[in-house]
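Student: Below you'll find the structure I mean.
Taken together, the values in this text are just the output of simple stated rules run on the coordinates, not laboratory data. Predicted model only: the values in this text are computed from it and were never measured. No Cβ is skipped: glycine too gets one built from the backbone with ideal geometry, and neighbour counts run over all protein chains shown.
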Amino acid sequence: MTGSHGWRLLLLPLVFLAAVRVLLFPRFGETHALLDDWAAHAVFLPLFAFGLLLARRPVLQSQLQALRWPALALALAGWAVLALYPVLQPGWLSLPEAQRLPMRLGFAAAQWGGIVAAFGFARRHLDVDHRWRAPPTEAVFPLYLVHQTVLIVAAVALRPLALPAGAEAAVIVALTFGGGWAAWQLARRIGWLRPWMGLTPRSSAPALQRAAAAGA
C-alpha cells in the first residue's frame, strides 16, 4: 500500500518541476551555460540532491517501489502529451505561452514519473548482486560524464550527411555508448584520471571488485 507520505513523494516533486517549467523556462530558456542556466539548474540541482538523499534513505527506495505503477502511468501520460500535442498543434513553438502549457506539464510528468518508475521497478526486480555487476557499475559514471558532449559532437558532425532520422539516431546512440566505453577504458588505465571520471583510486579498486565477486 502507498500511504499519504508516499503519494507526496510522487506529487510534490511533480508540482515543483511543473512550476519550474511554467515559470522559469519561458523567461530564461535553457542555455547549458555553467553558471547562469537558471531554469535547468532549478531542475537538475534538486534532482541531484534527491539522488544523494535516496542513496542514504532506504525508506525512500521502498516508497519508490510502491509507487512504480502510478509513476509509470504518469510518465506514459506525459509522453503521450509530448507526442500528440505537436501533431494537434503544428508550430506549437510559436504559439503564445498559455497554449504551450500542455507541453510544459507533459514534460514534467514524463520526467518525474519516469524517474520514479525507473527506480521503483529497478528496486523490485533488479535489487540483486552478481559478479557481472561491478564492471557496468564502474562504467556508469564515465558514460554519464561524457555522453552529452559525445552526443552533441556526433549530431553536429552527422548533420551535413542528411541521414534518415532512424539511421542518424542509431549512429548517434552507437557513438555515444562507444564514446562512454572509451572514456571508461581510458580512465581505468590512467591513475590520476580515475577520480576525475568517478572511479575509485587504483589502490582500492581491486578490493572493491573482490568484495563484489564474493557477493555474487
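Student: Candidates (i) 1.00; (ii) 0.95; (iii) 0.98; which is the computed Rg/Rh (Cα atoms, Kirkwood Rh)?
Tutor: (i)
Student: Which part of the range 53-67 falls in the paramagnetic zone of H125, meaning amide N under 17 Å from the point 7 Å along Cα-to-beta-carbon?
Tutor: 64-67
Student: Still on this structure, I have one more. How long is the range 7-119 along each principal axis, judged by its Cα atoms, biggest number first, in Å?
Tutor: The principal-axis extents, from largest down, are 45, 34, 18 Å.
Student: State the extension gain, in nm to one decimal, for the chain segment bounded by A73 and F16, taking 0.36 nm per residue of separation less the distance between their alpha-carbons.
Tutor: Gain in length upon complete extension: 18.6 nm.
Student: Separation between the A162 and D37 pseudo-spin-labels, each 7 Å from Cα along Cα→Cβ, expressed in nm?
Tutor: Result for the modelled spin labels: 3.1 nm.
Student: What number comes out for the charge environment of L67, summing +1 per Lys or Arg and -1 per Asp or Glu over other residues with Cβ under 14 Å away?
Tutor: +4
Student: Now for a separate question. Give a quick list of chymotrypsin sites (Phe, Trp or Tyr not before Pro) in the range 92-186 that DSSP marks as loop, anything other than H, G, I, E or B, with at most 12 other Cβ atoms within 10 Å. Could you put the intermediate results ahead of the total?
Tutor: Numbers: sites: W92, F107, W112, F119, F121, W132, Y144, F177, W181, W184; in loops: W132.
Here the sparse-neighbourhood loop sites are W132.
Student: Also, quick follow-up: R0 = 25 Å: FRET efficiency of E97 with I152, Cβ-based, nearest 0.05?
Tutor: 0.40
Student: Related question: What does the helix-only formula give at 222 nm for the chain: each DSSP H stretch with n ≥ 4 adding -39500 (n - 2.57), the total divided by the residues, and the result rounded to the nearest 500 deg cm²/dmol? Mind showing how you got there, number by number?
Tutor: Values: 9 runs with 158 residues, N = 216.
Taken over the chain, the calculation gives -24500 deg cm²/dmol.
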